[in-house]
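**Q** Shown below is the structure under consideration.
Computed from the coordinates by the stated procedures, all read-outs in this text should not be read as laboratory data. Keep in mind that what you see is a predicted model, and the values were worked out from it rather than measured. Every residue, glycine as well, gets a Cβ built from its backbone with ideal geometry; the counts of neighbours run over all protein chains shown.
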Amino acid sequence: MRRTIPLAAFALVISMVGPPPAAVAEQEPSPVVSTPYWDLTPAASSDYLAWSTSRPKDQPLWVQPTDGERFRVNPKGTWAVKPEIDGTLLAYTEGVSTEESYTTDIRFFDLETRAFVEPPEGVNTEQAEWWPSIDGDLLLFEREDVDNRSYEEMLLLDMATGESQVLASSSGWSRYFLPGGIAGGLAVWSRLSFDFKAGWWTSCDVYVHDVATGVTSKLDNPGPKCQFVGSVDAGGTVYYGRAGWGCGRHSQLLGAIPGQEPTVLVSFERGRDFFSIYARDNVDGSTTLYFDPGTCDEYGKIPDADIWSIEI
């Protein structure tokens, strides 16, 4: 996410006044986008809202300017997911699927000129790249081995220097990383394991990486709970989901300073859940959370998901 204050200045303020308070919802969540299809993975700035819509034969990525009509970014014949907005730069995952295989890359798009921008070296390879998040020169993303789909890495790339580091890796079938965020000197993601016989996740946890110290820690999990997705604002508050095992099992959207008790920001009715969270930093110091709740179907999917927001 885009930082609203320099990291060094933020660290100085924290050292003077102590830890920031826990996140508190300022109002009830409200709908932002609703279509007959699955609207998911929102991202936002003060000038733009972006999201993808999953339709039976197509998955476009839409951008809605605050003062104009929405437009599609990814070309026809491709599908797109997980946008990220940093100023006027849009990043997202774009893929092409066939019956035999699929390919995915991270695309960069200039929202002012409405033209594609070549990503920096070290981003796209012959493997599959997913889930971009940007904070200044830092790009957080995931890379997957497309040959056997049994190895994944969570990478942090300094786009100014070209240097990258592997923050986490996972080997073996049915182990995955899910969308995260980067802001306030913290990178956030979740790691999940899936049991295909049971048809649901067997472990889900959210991880936080301190960019300055290089230390990665797991958020406390009261267990047995599934803690999933994740985002973070410029103040260092991490936002994530917590639920029982299965879609719509008392799902909650939480906010927490790492090491402190979380605050429940949204509690969902049984049978309702969400897939992703995006934290937008506002100029007044507040945070707007965007998420994509809907009703679970018999397959554990959320086909009627819409985009909602809540002020923190």
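**Q** Going highest first, how would you order 38-48, 224-234 by mean Cβ packing within 10 Å?
**A** Working: 38-48: 21.5, 224-234: 23.7.
Taking the mean over residues of other Cβ atoms within 10 Å, the ranking is 224-234, 38-48.
**Q** Related question: Can you tell me, using C-alpha contacts under 8 Å and at least 6 residues apart, the relative contact order of the chain as a whole percent? Intermediate results must be reported in sequence, preceding the final value.
**A** On the way: 844 pairs, mean separation 55.6, N = 312.
Rounded, it is 18 percent for the chain.
**Q** How about the range 26-123: which GluC sites (Glu not before Pro) there lie in a loop by DSSP and see at most 13 other Cβ atoms within 10 Å? Walk me through the numbers on the way to the answer.
**A** Details: sites: Glu26, Glu69, Glu84, Glu94, Glu99, Glu100, Glu112, Glu121; in loops: Glu26, Glu69, Glu99, Glu100, Glu112, Glu121.
Sparse-neighbourhood loop GluC sites (Glu not before Pro): Glu26, Glu69, Glu99, Glu100, Glu112, Glu121.
**Q** Considering only the other residues whose Cβ falls under 15 Å of the Cβ of Ala305, what net charge follows from Lys and Arg at +1 and Asp and Glu at -1? Show your work: numbers first, answer last.
**A** Values: positive: Arg55, Lys82, Arg272, Lys301; negative: Asp39, Glu269, Asp273, Asp292, Asp297, Asp304, Asp306.
Neighbour charge sum, excluding Ala305 itself: -3.
**Q** Taking a cut-off of 23 Å, what percent of all Cα-Cα pairs in the chain are separated by more than that?
**A** Value for the chain (Cα pairs over 23 Å): 54 percent.
**Q** Along the three principal axes, how long is the range 30-169 when you take its alpha carbons, biggest first, rounded to the nearest angstrom?
**A** Principal extents (Cα only, largest first): 38, 38, 29 Å.
**Q** May I pose another question? Dipole of the range 7-311, Cα-centred, from +1 at each Lys and Arg C-beta and -1 at each Asp and Glu C-beta, to the nearest 20 debye?
**A** Working: 21 positive and 45 negative charges, 187 e Å.
The calculated dipole for the range 7-311 is roughly 900 debye.
**Q** Step through the residues of the range 80-92 one at a time and calculate ³J(HN,Hα) from phi using the Karplus curve (6.51 cos²θ - 1.76 cosθ + 1.60, θ = phi - 60°), rounding each to whole Hz and writing x for Gly and Pro.
**A** Once rounded to whole Hz, the list reads 9, 7, 6, x, 9, 10, 10, x, 9, 9, 10, 10, 6.
**Q** May I ask you to order 300-309, 133-142 by the average number of other C-beta atoms within 10 Å around their residues, highest value first?
**A** 133-142, 300-309
**Q** Might you list the cysteines of the chain that have no disulfide-compatible partner by the rule of another cysteine's Cβ under 4.7 Å?
**A** Lone cysteines by the Cβ rule: none at all.
**Q** Additional query: Which aspartates and glutamates have a Cα lying under 19 Å from the Cα of Lys225, excluding residues fewer than 8 positions away in the same chain?
**A** Asp195, Asp205, Glu261, Glu269, Asp273
**Q** Going by amide H atoms built from the backbone, whose H comes under 5 Å of the H on Val266, apart from near neighbours?
**A** Placed amide hydrogens put Leu253 under 5 Å from Val266.
**Q** Short version: ³J(HN,Hα) in whole Hz for each residue of the range 291-306, in order, from phi by Karplus 6.51 cos²θ - 1.76 cosθ + 1.60 (θ = phi - 60°), x for Gly and Pro, what are they?
**A** 8, 10, x, x, 9, 6, 9, 5, 9, x, 9, 10, x, 9, 4, 10
**Q** So, counting K/R as plus one and D/E as minus one, what does the shell of residues with Cβ under 14 Å around Thr295 add up to? Please report the intermediate quantities before stating the final value.
**A** Working: positive: Arg249, Arg270, Arg272, Lys301; negative: Asp39, Glu269, Asp273, Asp292, Asp297, Glu298, Asp304, Asp306.
Taking every other residue near Thr295 into account, the sum is -4.
**Q** Reachable lysines from Lys57, Cα under 25 Å, same-chain residues fewer than 8 places away excluded?
**A** By straight Cα distance, Lys57 reaches Lys76, Lys82, Lys301.
**Q** Tally Lys and Arg at +1 and Asp and Glu at -1 over the other residues with C-beta under 10 Å from the C-beta of Leu192: what net charge comes out?
**A** Details: positive: Arg175, Arg191; negative: Asp205.
Surrounding charge for Leu192 is +1.
**Q** Among Gly136, Leu155, Ser34, whose Cα sits farthest toward the positive end of the charge dipole of the chain (+1 at Cβ of Lys/Arg, -1 at Cβ of Asp/Glu, about the Cα centre)?
**A** Ser34
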